[in-house]
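First up is the structure itself, then whatever we jot down about it.
None of the figures in this text is laboratory data; all of them are computed from the coordinates on show. Not measured: the values here are computed from a predicted model. Glycine also receives a Cβ, built like all others from the backbone with ideal geometry; neighbour counts cover every protein chain displayed.
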Amino acid sequence: MVNEELLEDTIQPVMEICNRIYTKIDRTPKEEMSEIDFELVKTFNELVDINQRNLDILFPERGRFPRKHLSFKKQGFATGIEEEIDE
């Protein structure tokens, strides 16, 4: 039961990090995206996937939902919903 509680304890902090990135990321259009921009978007998307897997394991009866990811567009960042990929 200890490991289940540890996994549950990871969900909220990861969600808070994702929410912080999602709401505060600079979406200003840029000529070139920096390495930091790419890494921040990559980190956000990985955390979204990790959290979704944790939720799927802990609450299998809740159903599966599409994951929201950040992506790059010429005029800045965009939000996309990607189909879930079974692993």
Q. To the nearest 0.05, how large is the calculated FRET efficiency for E61 and T23 if R₀ is 41 Å and r is the Cβ-Cβ distance?
A. 0.85
Q.
Suppose the chain between E5 and I50 were pulled fully straight at 0.36 nm per residue; how much longer would it get relative to their current alpha carbon spacing?
A. 14.6 nm
